[in-house]
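To start, the structure under review is shown below, and the notes come after it.
The values are calculated or read from the model by the stated rules, or taken from the named source; none is laboratory data. No experiment lies behind these values; they were computed from the predicted model shown. Glycine gets a Cβ as well: all are built from the backbone with ideal geometry, and neighbour counts include every protein chain shown. In case anyone asks, the SASA skips ligands and DNA or RNA and just uses the protein heavy atoms, side chains included. Shrake-Rupley method; radii C 1.70, N 1.55, O 1.52, S 1.80 Å.
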Amino acid sequence: YLAGDCVNYLVPSGNLAGEPVKAALLREAWGMGQALTSITVYKHAELLAQGIFMAGGTAIALWHFDVPAPVALAAVAVLGALAGGLLGLTWVLRRGTYLPALNRLSAWKFLAARTLRYRAAAEALDGRLRAFYRYHGPRFAAATSLCLVAWGEKTRFPIFPNLFRYKYDLKVDV
C-alpha cells in the first residue's frame, strides 16, 4: 500500500494513480479479485473518514470563528452533499458496483466483446463486497477509524498548535 500511496502523493491525479500500483503489487499474493476488493473497501473507509474529518473541522471553524451566515450555510450545504454522496456510495457498494458498471460499458458496441471476458470476475468481486459489508461491519468501522486517525495525523502538526493561539480577524465580504 505504501508504494501506491507514494504514487498518489507524487502524481496529481486526485489520489487515484496509486491504486493500479496497489492492485498490481497485491495481485501476486492475493489474486486480482481479492486485491480489488481490499482496495475498494479501503477507499470507501478513507472517504468516510475524510468526510467525518471535514465535518469536525467545519464544526470547529463555525463554532470558533465569526463566519458570515451565507458562508456557514454554504459550508453546511457542501457537507450535506458530501454526506449524500457517501450514503449513495455505500448503497451502491452493498448492491453491486462492478457488474452494473461493466454492463453499462458493454452497451457500447465497440466495448461489448472486450468486456464479456470480465463478467464473471466483476460478479465475483461484487459478491465479495456484498459479503464484506454484510458480515464484517466492525472491520469496516475499525478501518474507517484508522483512516480517521491517519487524517488527523496528516493535519495535526501544521494546523492545531496555532489554531487557537491567535485571534483571527476574518472579514469575508459576501
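Out of the residues in region 1-20 that are open to solvent by less than 80 Å² (accessible area, probe 1.4 Å) and not in a helix (DSSP H, G or I), which is farthest from residue 126 (Cα to Cα)?
11
Here are some residues: 23, 29. Which one is more than 15 Å from the chain's Cα centre (by Cα), closer than 30 Å to residue 127 by Cα and open to solvent by less than 60 Å² (accessible area, probe 1.4 Å)?
Selected residue: 23, the only one of 23, 29 that is more than 15 Å from the chain's Cα centre (by Cα), closer than 30 Å to residue 127 by Cα and open to solvent by less than 60 Å² (accessible area, probe 1.4 Å).
Is there a residue being among the basic types (Lys, Arg), open to solvent by less than 60 Å² (accessible area, probe 1.4 Å) and assigned to a helix (DSSP H, G or I) anywhere in region 78-98?
Within region 78-98, not a single residue is among the basic types (Lys, Arg), open to solvent by less than 60 Å² (accessible area, probe 1.4 Å) and assigned to a helix (DSSP H, G or I).
Select from region 133-174 the residues that are modelled with pLDDT of 90 or more and of a type in the set (Gly, Ala, Ser) and write down the one among them that is surrounded by the most Cβ atoms within 10 Å (Cβ to Cβ).
Per the stated criteria, the residue is 143.
Could you count how many residues in region 33-72 are open to solvent by 50 Å² or more (accessible area, probe 1.4 Å), farther than 19 Å from residue 147 by Cβ and under 20 Å from the mean Cα position of the chain (by Cα)?
Going through region 33-72 one residue at a time, the tally reaches 1.
Where the second residue is modelled with pLDDT of 90 or more and assigned to a helix (DSSP H, G or I) and the first is loosely packed, with under 11 Cβ neighbours inside 10 Å and lies in region 105-132, which pairs have Cβ atoms under 9 Å and are six or more apart or on separate chains?
108/115; 113/106
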